[in-house]
C-alpha cells in the first residue's frame with residue numbers, strides 16, 4: 001500500500017488544455033498544457049500534508065495568480081515527473097552535537113528534500129522545468145574566499161532507518177562515516193555534494209546512492225566514495241533521476257566544517 | 001581628376017611601382033597575419049584565460065605587429081633604421097618632456113596589468129565613482145556606472161588612489177546601522193533581528209549575521225545589523241531586508257529612535273498670574 005503517495009512520480013499523460021495538480025507535503029504544483037506552452041504554478045501549502053497526491057483540476061478551478069510561469073516546448077504526450085536533488089551542495093547542520101571517536105565508524109540516514117522536475121518521456125527526454133518542493137536556506141561552506149554557496153538544512157542525524165519519516169518529497173541518503181584519524185570528529189556541519197547523487201524510487205521511499213566518507217584528520221582532505229549501485233536497504237529500486245553531475249567513484253573534498261571560520265567581526 | 005591620377009601613375013617608373021606594390025603587400029599581409037594571430041591566440045590558445053588576459057594578449061600582438069610592419073615598410077622604402085633610431089632618440093627626449101603624463105599612465109597601466117587588483121567585469125569603487133570595468137588599457141581604464149554612464153579613469157590616478165574591488169570575493173556582508181528608542185527591551189530586539197535574518201531568503205545563515213549594539217547615541221541605542229550574502233544578491237537582499245525590519249518592528253512595537261528635544265516650561269514664579277473671572281450674579 002502506498003502510504004506516502006510515492007506513485008505521484010510515475011509518468012503521466014497531460015492532454016491539451018488539461019491541468020494537473022501535484023500536491024506534496026509542503027508545496028503544490030499545477031501544470032497545464034496549452035498548445036506548445038506549459039503553464040506552471042508553484043505555491044506553498046498552508047499546512048503540511050501527510051502524503052503526496054496527483055489530481056486533475058478543472059480549468060475553472062485552477063488558482064488565479066500572477067505567479068504562473070510559461071515554458072515553450074513542443075513536446076506533448078507522456079510526461080515524466082522526477083525527483084531530482086537540489087542544484088547545489090547541501091550543508092547538513094545536525095540538531096545536536098555528535099562526536100565520533102577515533103577509529104570508530106557509524107551510519108546515518110539523512111532525509112534530503114527533492115526538487116520536482118518535469119520532462120518529456122523521450123527518447124531523448126527533455127527537461128521542461130525544475131521546482132524546489134521545500135525551501136532551504138542559503139549558506140556558505142568554507143572560507144569567504146574559496147568556499148562555495150550551498151543550501152542549508154537543519155536536521156537530525158538518524159541512526160536508524162525506522163526513525164526517518166517516509167515522504168514522497170524527501171530522499172534518504174545513507175551516509176557511512178569512518179573516523180580514520182587520531183582526533184575526535186565533531187559533527188557541526190556536513191557538506192553533501194548532492195549534485196553527484198542519483199535518486200532511486202522504492203515502494204515507500206526515495207533513496208540516493210550511499211556515501212562512504214573517510215575522515216583522515218582536520219588538516220587532511222576527506223575521501224568520499226559514492227556507491228554506483230542503488231542502496232541495498234530495499235530491493236528492486238528503480239532509477240528515478242540521474243545525478244545532475246555524475247562523479248567519479250572516489251572523490252576528495254572538504255566535507256566537515258568543525259570550526260567556525262567566521263568569528264571575526 | 002581621375003585622368004590626372006592615371007597620368008601620374010603612368011609617369012611612375014617600374015622600380016617605384018614594384019616598391020609600392022611590395023609595400024602594399026607587406027602592409028596588407030602583415031596586418032592580416034597579426035590580426036589572425038591575435039584571433040587564434042584568443043580563441044584557441046587562451047580559451048580558458050580570463051577576459052582581461054585575453055584582451056592584454058590581443059593588444060600586445062596587435063601593437064607589436066603594427067611596429068614590425070612599420071619597420072618592414074621603412075626598410076622596404078630604404079630608410080636607414082640606425083639613422084632613424086638616432087633621430088628618434090633626440091625626438092624622444094622632446095616628446096618625452098611633452099608627454100610625461102602619458103608615459104606615467106602607460107607605466108601605471110603596466111603595473112596594474114601585472115598586479116591585477118581587478119579584472120574586466122569587476123565592480124570597483126574609486127573616489128566617488130562606482131561601476132563595472134569595461135576595459136583595462138595602457139593609458140586608462142573604462143568603467144560603466146550603474147546609471148549607465150561611461151567613465152574613463154587615467155591609470156596614474158588609479159595607482160595613487162584607494163580602489164575598492166566590491167565583487168572580488170564571492171560573498172559580502174551588508175551592514176545596516178540604525179537606532180532604536182531608549183526603553184526598548186534589547187533582548188527582544190536581538191531576538192527579532194535574528195529571526196528576520198533567519199527567514200530572509202537572500203541572507204546566508206552561515207557566516208552568522210552580526211547583531212551588535214554599538215553606541216549610546218543622543219536619541220537612542222545604535223545597532224549594527226550585518227548580513228552575509230552572495231555577491232549577486234545585493235539588490236534583492238537590500239530591498240527585502242529594509243522592508244522586513246520596518247514591518248517586523250511595527251508588528252513587535254519596537255520603535256526606531258528619532259531626534260528628540262525636551263522643552264521645559266519656565267519656573268512657576270515667573271508665570272503670569274491667572275486671570276480672574278468676572279463675578280456673575
**Request:** Please work out if residue A:144 is within 14 Å of chain B (Cβ to nearest Cβ), surrounded by fewer than 21 Cβ atoms within 10 Å (Cβ to Cβ), assigned to a loop (DSSP other than H, G, I, E, B) and in contact with a strand residue (DSSP E or B) (Cβ under 7 Å, 6 or more places away or on another chain).
**Result:** yes
**Request:** Being in contact (Cβ under 8 Å) with a residue 24 or more places away in the chain and in a strand (DSSP E or B) narrows it down to one of A:74, A:88, A:117, so name that one.
**Result:** A:117
**Item:** Neighbours by Cβ (under 6 Å, 6+ apart or cross-chain): first from the stretch A:224-235, touching a residue at least 40 places away in the same chain (Cβ under 8 Å); second assigned to a loop (DSSP other than H, G, I, E, B)
**Value:** A:231/A:210
**Complete:** The condition from (1) in contact (Cβ under 8 Å) with a residue 60 or more places away in the chain; (2) within 30 Å of residue A:68 (Cβ to Cβ); (3) in contact with a helix residue (DSSP H, G or I) (Cβ under 9 Å, 6 or more places away or on another chain); (4) outside any loop (DSSP other than H, G, I, E, B) that residue A:149 misses is numbered (3)
**Complete:** Per the list (1) in a loop (DSSP other than H, G, I, E, B); (2) surrounded by fewer than 17 Cβ atoms within 10 Å (Cβ to Cβ); (3) more than 15 Å from the chain's Cα centre (by Cα), residue check on residue A:176 breaks on (1)
**Prompt:** part of a loop (DSSP other than H, G, I, E, B), under 24 Å from residue A:95 (Cβ atoms) and within 18 Å of the chain's Cα centre (by Cα) - does that describe any residue in the stretch A:210-222?
**Reply:** yes
**Message:** Considering only the stretch A:172-182, I want to know if a residue exists there that is farther than 30 Å from residue A:34 by Cβ, within 14 Å of another protein chain (Cβ to nearest Cβ) and in contact with a strand residue (DSSP E or B) (Cβ under 7 Å, 6 or more places away or on another chain).
**Reply:** no
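Taken together, the values in this text are just the output of simple stated rules run on the coordinates, not laboratory data. All values reported here derive from a predicted model rather than from experimental measurement. FYI the Cβ positions are ideal-geometry reconstructions off the backbone, even for glycines, and counts take in every protein chain you see.
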